[in-house]
Structures are given as C-alpha cells and as structure tokens.
Amino acid sequence: MNRNEFFAMVKDVHEHPEHLAEYRKTYRNVYPFSDGIFKMLIANEAKPERTVKFLNAMLELTGGNAIKSFTLGVQENPGVLNDKTAIFDIYGTTEAGAPILIEVQQNYNKFFVDRLIYYTSRVFTRTVKKSQTYRLPHIYVLSILTENQFPLERNTYLHHSQLVRNRHHFYDKLDVYLIELEKFFAIEDRTPLEVREQSTRADMLRIFRDVLEEKDIPEEKLKSLLDKDFIKDVSLTGYTDEILLNEVDGMTDLLYERQGAYAQGHDDACKEHAQLMVDAGILTPEKAAELFKVPKKEILPRNR
C-alpha cells in the first residue's frame, strides 16, 4: 500500500469502517509511514536490534561511531506556561547518552523546519539540569519526509545539516538529517542501475519501497538490513481492526492539513517551474515571473 492508496483508504474507512475488510483483501502490507504503524515497526521494544540497524543506516554511522544500543525515552515534552508541548514520533538515547529524535513529516509544510528546530531545542533544554555545566551531548535529528519539502533541489534527497560559522563546521554535536522518500524513488527511476547510489541508507530505503509496492523481499536481505520478522510485521494480517481503525482516526486530521497545504504547494510548484524555465535558458527571470505569476525577486538568474 503506497501513500496515495493509504490516504484514499483513510478517507473511505473513516466514513465507512465496514470497508476495512475489503482493503484487507486488496492489500498485503500496511502503509509503514503512518504515525502509529511507523512507531510499532521501528520503535519495537521487543526488537531493539531493528531500531539500531535502521538508525545506523539512515545516519550512516559505522565502525566506532555506530550506535550499539538505543533506549526509548518519553515521547511527550509538556509545555510550561506559554511553551508549546513537543510530542516526538520516536525519542530515545544511545548507549553513549546521545539523544536521537525521529520525526516523520506527512505533508509539505512551510514551517516544518521551524517546528523541527523548536523540537530539537526542547531536547537540548531537557538534557542539562540546574546543577550541571553546559556540556551538551551529541544530538541526532532524523526526519523522514514522505512528501518533497525542497522541490527546487531535484537531485538531492538527503539534506545533512550542521551548524556552520564562516562556512566551516564549528559545532559537531548536532547532526540533522532530512530524507525525502519520494525524491529518492524518483532519482532511482531516472538513474541507470549500474550508477545508482550504493550505501546502506539507499538499500534501507529500497526495502521500504518494496514494502510500499508489495514486492517480495529476499529473506537474507531483510536479515542483513533489519530482521527476518520485518516483512511479517508490515503485513496487514498482523493488525487487528481496532488498531487499524485507530490509525485511520489518528491520520484523518492529516488529510485536512494536506488539503490546506495544497494552495501553498501550488505557489511553490509555480516557483519551481519558473526557475526550471530560467535555468534551461528558455525564459528570462522577468518573463518567467510574469507567466507563472510569482515575485521576480524569488526567481534566481540562470548563472547563479
């Protein structure tokens, strides 16, 4: 079940719960990136090795830097006075005490990065107690973006952010990884097989693509990257109607959020198309701004 099929099911089953039985006949797998299902798959306390393998692959941590264990922490950080409450999708710490914040972003959102920075700041503040010095731990932030967040960067699905001063990294205790799923799949589709990315991260994303497309996955591949039980855990047969209906209720609000984001998404698409026309030398920035009805100041010259 891919993302569009999942949202179609959510909309239908929210109104007609009795239709769930038909979806069980149609699809073999659940949608692995819905909020509750993703937590059950990746933050399964009974299968800690899966979480460790997933994190090491997505953060590309190997050798002495690799995570050896991951302990789940409290997902909710209540607000104080006028502070907003921060509710993390998955939160925990490594054996070295390094906090890891995992967020799945379902929809394009102009203020997504702002929210992620806010959540990260809450992780920072709760790691230092009143009697302690300001010796901060290394913090990792991993966000899986199920909808492209950076449409103008057509060939870049991985965004690794660190703090920079004078174009040099000066603080090495904060690593933010933003991974655009659909963009990775699109890059794969237009890249010849022999020159596609060879990394554990890419192999991990291919596993999830196979799940979305309900393809058979070799057991040895699963054991190497996650564990042999993973394909069983994404099967629809492993979830009761109650769990699935609760997931539908929880994801319904996202449909409205998604619809509300379309107007903003339309503006961004117009800007992207205008920029592509300028980059290709087909239109001047002035003409592109006029035709696509976007502010000229937002269109970069061709030789930027």
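Every number in this text was worked out from the coordinates using simple rules, so none of it is lab data. These figures come from a predicted structure and were not determined experimentally. Note that each Cβ is placed from the backbone with ideal geometry, even for glycine, and that neighbours are counted across all protein chains shown.
Converting phi to 3J(HN,Hα) with the Karplus coefficients 6.51, -1.76 and 1.60 and the offset θ = phi - 60°, segment 136-149 yields 7, x, 6, 10, 10, 10, 10, 10, 9, 9, 7, 10, 4, 9 Hz in sequence order, with x at every glycine or proline. Across the options N166, T237, Y91, the greatest Cα extent toward the positive end of the charge dipole of the chain (unit charges at beta carbon of Lys, Arg, Asp, Glu) belongs to N166.
Among T191, T51, T237, the ranking by other beta carbons within 10 Å of each residue's beta carbon, starting with the fewest, stands as T237, T191, T51. Give me the net charge of Y119's neighbourhood, meaning all other residues with Cβ under 13 Å from the Cβ of Y119; Lys, Arg count +1, Asp, Glu -1. Once positives and negatives cancel, what remains is -1.
Among the chymotrypsin sites (Phe, Trp or Tyr not before Pro) in segment 18-117, those located in a DSSP loop and surrounded by at most 13 other Cβ atoms within 10 Å of their own Cβ are F111. Here's the list of lysines a cross-link from K84 could span, going by alpha-carbon distance under 21 Å and ignoring same-chain residues fewer than 8 apart: K110, K129.
Taking amide H positions as modeled 1.01 Å from N, with prolines and chain starts lacking one, the residues under 5 Å from I139 and 5 or more places away or on another chain are L174, D175.
The aspartates and glutamates whose alpha-carbon is closer than 17 Å to the alpha-carbon of K223, local same-chain residues fewer than 8 away aside, are E49, D203, D210, D233.
Couplings for segment 42-58, taken from phi via the Karplus curve 6.51 cos²θ - 1.76 cosθ + 1.60 with θ = phi - 60°, read 9, 10, 8, 5, 7, 9, x, 5, 4, 4, 4, 5, 4, 5, 4, 6, 5 Hz in order; Gly and Pro are left as x. With contacts taken as Cα pairs under 8 Å at a separation of at least 6 residues, the chain carries a relative contact order of 20 percent. For the listed peptides 192-198, 203-209, a ranking on the average number of other beta carbons within 10 Å per residue, highest first, reads 203-209, 192-198.
Mind checking the full-extension length gain between T26 and K215? Use 0.36 nm per residue of separation minus the Cα-Cα distance, one decimal, nm.
On the way: separation 189, 0.36 × 189 = 68.04 nm, distance 1.41 nm.
Difference between extended and current length: 66.6 nm.
Highest mobility in the GNM of the chain, judged by mean-square fluctuation with C-alpha springs under 10 Å and restricted to G64, G79, G97, is found for G64. Computing volume of the Cα convex hull per residue in Å³ directly from the structure and comparing it against [x] 190; [y] 155; [z] 142 singles out [x]. The alpha-carbon of K287 sits under 17 angstrom from the alpha-carbons of these lysines, leaving out residues fewer than 8 places away in its chain: K271, K296, K297.
List the trypsin sites (Lys or Arg not before Pro) within segment 110-183 that DSSP assigns to loop and that have no more than 10 neighbouring Cβ atoms inside 10 Å. Can you show the working numbers first?
Details: sites: K110, R115, R122, R126, K129, K130, R135, R154, R165, R167, K173, K183; in loops: K110, R126, K129, K130, R135, R154, R167.
Sparse-neighbourhood loop trypsin sites (Lys or Arg not before Pro): K129, K130, R135, R167.
For segment 1-76, GluC sites (Glu not before Pro) meeting the loop criterion (DSSP other than H, G, I, E, B) and having at most 13 other Cβ atoms within 10 Å: E45. Segment 46-124 and segment 206-247 have Cα centres separated by 22 Å.
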